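The values are calculated or read from the model by the stated rules, or taken from the named source; none is laboratory data. Since this is a predicted model, take the numbers as computed values, not measurements. Cβ sites come from the backbone with ideal geometry, for glycine too, and all protein chains shown count toward neighbours. Quick note on the areas: whole protein, heavy atoms, side chains included, nothing else; ligands and nucleic acids left out. Shrake-Rupley method; radii C 1.70, N 1.55, O 1.52, S 1.80 Å.
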Amino acid sequence: MAGRRDWTRETLAAGVRSGDRRALARAITLVENGDPLAYDVVRDLYPDTGRAYAVGLTGPPGVGKSSLISALVRHVRAEETTVGVVSVDPSSPFSHGALLGDRIRLVDHFLDPGVFIRSMGTRGHLGGLAEATLQALLILDAAGKDVVFLETVGTGQSEVEVIGIADTVLLVLMPGSGDSVQALKAGIMEIPDVIAINKMDHPAAKTMLNEVRSILGLDHEREWRPPIVLTEATRGENVPELWEKIAAHRAYLQDSGQLEARRARNLAGEVFSVASARAKQHLEHAVSGDPELERLLEAVQRRELDPMTAVREILEKVFHIGDDAR
Ligand SMILES: Nc1nc2c(ncn2[C@@H]2O[C@H](COP(=O)(O)OP(=O)(O)OP(=O)(O)O)[C@@H](O)[C@H]2O)c(=O)[nH]1
Ligand SMILES: [Mg+2]
């Protein structure tokens with residue numbers, strides 16, 4: 001049995017390919033830590049990816065995202081579909097371990113060899129959560145998981161970088177989660193592909209359904225009309241219907257030839273998002289550690305130097321970007 005120190009690039013890639021749980025766990029921990037070995041392993045695995053169907057779930061805290069994933073996993077496992085679950089917590093610097101039980105209500109599935117579940121934060125490495133999610137998805141994909149669920153908390157644009165790689169995006173709401181309805185209305189939130197209004201027993205469920213319906217009705221441009229499903233995750237009510245809608249979206253993308261285009265766009269978007277996150281972190285590190293750059297900022301604060309001159313000098317120093325690149 002390979003101990004934690006014994007994995008090499010080759011054994012880890014081979015272990016992931018064969019779906020070995022310890023290899024998967026190790027590879028994702030390396031991703032989470034931004035370990036160089038993770039980049040090598042994903043580089044080796046990348047040609048084997050592109051088969052898994054990625055479903056992203058987002059929505060406000062506590063609406064029942066994890067509970068819905070658990071119910072969906074139960075549903076698809078009945079058809080022998082293999083599953084990976086990555087729950088990303090943007091508020092946590094690292095979440096694997098202690099928080100796992102709290103955030104992921106998937107205890108029923110821990111013993112199922114056809115399901116791999118992982119909660120993930122980011123230990124402050126350069127590419128942030130977008131990078132960690134993308135790499136984890138690729139690893140689960142290479143391990144042969146048929147479906148990968150990506151969960152993240154969010155109500156605005158910030159979660160897009162985490163689930164922006166998903167083939168189908170499911171927005172989970174519950175009666176009373178008015179903020180995200182407002183975000184949807186204001187167009188802050190990207191229109192999801194499928195919407196679940198969970199905790200359907202709540203008296204305000206119908207009101208919310210009508211409200212969401214009327215917001216979606218405003219958008220006449222879209223060929224795909226996001227279906228709305230009322231669910232009760234803990235009892236599994238309407239979960240088969242929800243899965244049907246997810247599958248219908250997938251079929252729609254495939255039949256209309258949009259799946260490839262969407263994946264191409266998503267991959268480009270993720271690469272850009274990770275590159276931006278890294279550039280930003282690099283800049284922040286450079287500025288905070290450099291007395292000369294700090295003096296520049298102080299000069300701006302004292303109104304001895306104008307802001308745009310400071311910007312230009314900082315970019316020149318950190319990225320060697322000259323005037324012509326503006
Ligand atoms: N009554 C009722 N309770 C539910 C339902 N779905 C989930 N819950 C409960 O709501 C609470 C939050 O559920 P989670 O599945 O952890 O919600 P979440 O959206 O994943 O939460 P975060 O990951 O923390 O944002 C738990 O106590 C669940 O048991 C539902 O359909 N009806
Ligand atoms: Mg959760």
Discussion item. Quick check on V274: is it crowded, with 17+ Cβ neighbours inside 10 Å, under 18 Å from G178 (Cα atoms) and among the hydrophobic types (A, V, I, L, M, F, W, C)?
Written reply: no
Worksheet item: What about V153, is it within 16 Å of ligand 2 (Cβ to nearest atom), more than 17 Å from I246 (Cα to Cα) and under 20 Å from the mean Cα position of the chain (by Cα)?
Response: yes
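Which one of G144, G187 is at pLDDT 90 or above, in a loop (DSSP other than H, G, I, E, B) and closer than 25 Å to L129 by Cβ? Walk me through it before giving the result.
Values: G187 fails: at pLDDT 90 or above.
Matching residue, one of G144, G187: G144.
Which ones in segment 232-251 are in a helix (DSSP H, G or I) and either within 16 Å of ligand 1 (Cβ to nearest atom) or open to solvent by 50 Å² or more (accessible area, probe 1.4 Å) (or both)? Reasoning before the result, please.
Residues of segment 232-251 in a helix (DSSP H, G or I): 239-251.
Across segment 232-251, the qualifying residues are V239, P240, E241, L242, W243, E244, K245, R250.
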Fill in: Qualifying positions in segment 51-72 - more than 9 Å from ligand 2 (Cβ to nearest atom) and either surrounded by fewer than 24 Cβ atoms within 10 Å (Cβ to Cβ) or small (G, A, S) (or both)
R51, A52, Y53, A54, G56, G59, P60, S70, A71
Worksheet item: Among the numbered criteria (1) open to solvent by less than 30 Å² (accessible area, probe 1.4 Å); (2) closer than 21 Å to I215 by Cα; (3) under 9 Å from the mean Cα position of the chain (by Cα), which single criterion is violated by V160?
Response: (1)
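I'm checking my understanding of the structure. Among residues of segment 113-122 that are assigned to a loop (DSSP other than H, G, I, E, B) and over 16 Å from the mean Cα position of the chain (by Cα), which one is modelled with the lowest pLDDT? Working first, answer last.
Initially, segment 113-122 is screened for residues assigned to a loop (DSSP other than H, G, I, E, B), giving 113-114, 121-122.
From the residues that got through so far, the ones that are over 16 Å from the mean Cα position of the chain (by Cα) too are 113-114.
Numbers: P113: 88, G114: 93.
Looking at the filtered set, the residue picked out is P113.
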Worksheet entry | Of all residues making up segment 163-184, the number that are buried (at least 18 other Cβ atoms within 10 Å of the Cβ) and either assigned to a loop (DSSP other than H, G, I, E, B) or acidic (D, E) (or both) | 7
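So which of E10, E79 ends up being open to solvent by 70 Å² or more (accessible area, probe 1.4 Å) and under 30 Å from L230 (Cβ atoms)? Before the answer, list the steps.
Numbers: E10 fails: under 30 Å from L230 (Cβ atoms).
Criteria check complete, one pass: E79.
Restricting to segment 301-326, what's the tally of residues that are outside any loop (DSSP other than H, G, I, E, B) and open to solvent by less than 40 Å² (accessible area, probe 1.4 Å)? Spell out how you get there, then give the answer.
First, pick out the residues of segment 301-326 that are outside any loop (DSSP other than H, G, I, E, B): 301, 307-319, 323-325.
Filter once more, keeping what is open to solvent by less than 40 Å² (accessible area, probe 1.4 Å): 309-310, 314, 318.
Final tally of qualifying residues: 4.
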Worksheet item: Residues in segment 163-173: is at least one more than 16 Å from ligand 2 (Cβ to nearest atom), acidic (D, E), in contact (Cβ under 8 Å) with a residue 12 or more places away in the chain and out of contact with any Asp or Glu (no Cβ under 8 Å at 6 or more places or on another chain)?
Response: yes
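Condition first: modelled with pLDDT of 55 or more and hydroxyl-bearing (S, T, Y). Now tell me which residues in segment 74-112 satisfy that.
Residues satisfying the conditions are T81, T82, S87, S91, S92.
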Worksheet item: Is it the case that some residue within segment 22-29 is out of contact with any strand residue (DSSP E or B) (no Cβ under 9 Å at 6 or more places or on another chain), part of a loop (DSSP other than H, G, I, E, B) and more than 30 Å from E237 (Cβ to Cβ)?
Response: no
Worksheet item: Looking at segment 190-205, which of its residues are near ligand 1 (Cβ under 8 Å from one of its atoms) and either surrounded by fewer than 17 Cβ atoms within 10 Å (Cβ to Cβ) or not in a loop (DSSP other than H, G, I, E, B) (or both)?
Response: D201, H202
